[in-house]
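Take a look at the structure below.
The values are calculated or read from the model by the stated rules, or taken from the named source; none is laboratory data. Fair warning: this is a prediction, and the values are worked out from it, not measured in the lab. A quick note on method: Cβ atoms are made from the backbone with ideal geometry, for glycine too, and the neighbour counts reach across all protein chains shown.
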Ligand SMILES: [Zn+2]
């Protein structure tokens, strides 16, 4: 199985390792280990990385570029940073705040991705051979 470094063009869960990927998050996949790998690549939900990813300073996640990393930082780490000075906040409320923050962040990321990273949904199995030929003839 070929290993590939890819980034996510939409927020979605990928296998057990990544319950929720952020837009622009870079992961290494073994193509074919997950049943939908080929489809995800074909539809452009996962895209090959051809540059050095940037590392988040606060979690193990890597990103395609600083823009995606900053976005991830704002969405994923802002809530915990904002409440870190308030020790009196009960753990349950803290988790709710985190969950709400993440939910809003996901919605925002989804909207952002819709606007900035269009998917080519015409790349179905049937049309793929054709588009490959079209590219080759250019
Ligand atoms: Zn992070």
Worksheet item: Which number in (1) at pLDDT 95 or above; (2) within 12 Å of the ligand (Cβ to nearest atom) marks the one condition that residue 52 misses?
Response: (2)
Discussion item. Looking at the range 57-66, can you tell me whether even one residue there is assigned to a strand (DSSP E or B), within 26 Å of residue 115 (Cβ to Cβ) and at pLDDT 95 or above?
Written reply: yes
Fill in: Scan of the range 21-44 for residues that are within 14 Å of the chain's Cα centre (by Cα) and loosely packed, with under 15 Cβ neighbours inside 10 Å, ordered by number
28
Worksheet item: In the range 56-68, how many residues are more than 8 Å from the ligand (Cβ to nearest atom) and more than 14 Å from residue 28 (Cα to Cα)?
Response: 4
